[in-house]
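The values are calculated or read from the model by the stated rules, or taken from the named source; none is laboratory data. Note that the coordinates shown come from a computational prediction; the quantities given were computed from them, not determined experimentally. Virtual Cβ from ideal backbone geometry, glycine too; neighbours counted across all protein chains shown.
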Amino acid sequence: MILASYCAAGFATAGIHALLVLRDRSNRFHQRAIAIALLVGGSAAVLQAVSGDALARMTARNLPTKLAAMEGDFDTRSGAPLRIGGLPDVHTRQMKYSIEIPDGLSLLAFHSPHATVEGLDKTPRDEWPNVLVVHIAFQIMVGIGTLLICVSLVAAWLAWKHGPLIESPRFLRLLVLCSPLGFVALESGWVVTEVGRQPWIIYHIMRTSDAG
């Protein structure tokens with residue numbers, strides 16, 4: 001959450017100053033502010049990927065039902081695929097319209113392409129979270145995170161090859177468009193966290209309905 005907050009705040013700040021630079025390119029304050037904000041937000045975005053890898057393995061070990069909902073994985077299997085996009089159908093217990101990377105989820109969750117990943121079939125139906133909501137929120141979070149990492153790398157490349165970023169109006173406009181995305185990813189992550197743990201407020205100890 002700390003990294004996600006720095007990422008969101010950094011890109012929001014960079015986007016605001018990019019908009020102001022587009023209106024007044026002679027203002028050195030906004031020029032420096034973009035560089036500082038991108039250094040903070042971009043570094044946090046890259047580090048978030050490292051943190052996400054550790055969190056994925058923790059979730060696979062301790063919260064397998066949440067991971068299954070995040071990936072729309074209805075069946076326990078070895079060599080589980082990593083899914084990009086798609087819509088889970090809880091009635092037919094199938095994932096529709098997704099792009100599958102063979103063995104990808106097993107590799108990310110257990111660092112072994114042949115590891116067995118527990119699916120929703122191991123959990124009683126009344127203990128499933130809202131699979132559609134969790135999966136879509138997770139895809140939004142990961143998609144935006146990947147985009148912001150790419151923008152960070154492009155910014156570093158432009159600064160290295162072409163000097164100050166204010167010399168690229170197209171990139172400044174891209175920063176303006178990206179400015180709210182960190183907060184969208186942040187909120188999507190909270191949806192994954194809070195909806196994904198349902199119906200438990202304390203996993204396998206107390207249900208949310210019993211906590212009132």
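Quick notes on this one:
- The stretch 1-117 holds helices (runs of 4 or more DSSP H) entirely within its bounds, and those carrying 2 or more residues that are in contact with a Gly (Cβ under 6 Å, 6 or more places away or on another chain) and modelled with pLDDT of 90 or more map to 2-23, 28-62, 64-71.
- Where a residue in the stretch 152-176 is over 14 Å from His30 (Cα atoms) and its partner, wherever it lies, is exposed (fewer than 13 other Cβ atoms within 10 Å of the Cβ), with Cβ under 8 Å and at least six apart: Ser168/His162
- Selection count where residues are in contact (Cβ under 8 Å) with a residue 12 or more places away in the chain and not aromatic (Phe, Trp, Tyr), scope the stretch 178-212: 17
- The stretch 17-39: number of residues that are surrounded by fewer than 17 Cβ atoms within 10 Å (Cβ to Cβ) and either of a type in the set (Val, Ile, Thr) or under 14 Å from the mean Cα position of the chain (by Cα) (or both): 1
- Within the stretch 166-212, the residues that satisfy the criterion of being more than 14 Å from Gly143 (Cβ to Cβ), small (Gly, Ala, Ser) and surrounded by 13 or more Cβ atoms within 10 Å (Cβ to Cβ) are Ser168, Ser179, Gly196.
- Residue match in the stretch 42-57 (condition: among the small types (Gly, Ala, Ser), more than 20 Å from Thr146 (Cβ to Cβ) and out of contact with any strand residue (DSSP E or B) (no Cβ under 8 Å at 6 or more places or on another chain)): no
- Any chance Gly72 is closer than 21 Å to Cys150 by Cβ and surrounded by 15 or more Cβ atoms within 10 Å (Cβ to Cβ): no
- Test: residue in the stretch 42-56 that is among the charged types (D, E, K, R), within 19 Å of Ala4 (Cα to Cα) and within 17 Å of the chain's Cα centre (by Cα): yes
- Of all residues in the stretch 141-179, those satisfying the criterion of being touching a Phe, Trp or Tyr at 6+ places or on another chain (Cβ under 9 Å), at pLDDT 90 or above and under 16 Å from Leu20 (Cβ atoms) are Leu175, Cys178, Ser179.
- For Ile140, the conditions (1) in contact with a strand residue (DSSP E or B) (Cβ under 8 Å, 6 or more places away or on another chain); (2) assigned to a helix (DSSP H, G or I) are fulfilled apart from (1).
- Condition check for Ala44: surrounded by 17 or more Cβ atoms within 10 Å (Cβ to Cβ) and touching a Cys at 6+ places or on another chain (Cβ under 8 Å): yes
- Residue in the stretch 197-208 that is under 30 Å from Ile16 (Cβ atoms) and either among the polar types (S, T, N, Q) or in contact with a Pro (Cβ under 6 Å, 6 or more places away or on another chain) (or both) present: no
- Residue check for Ala156: buried (at least 21 other Cβ atoms within 10 Å of the Cβ) and in a helix (DSSP H, G or I): no
- Restricting Ile84, Ile101 to residues that are of a type outside the set (Lys, Arg), in contact with a strand residue (DSSP E or B) (Cβ under 6 Å, 6 or more places away or on another chain) and without any contact (Cβ under 8 Å) to a residue 40 or more places away in the chain narrows the list to Ile101.
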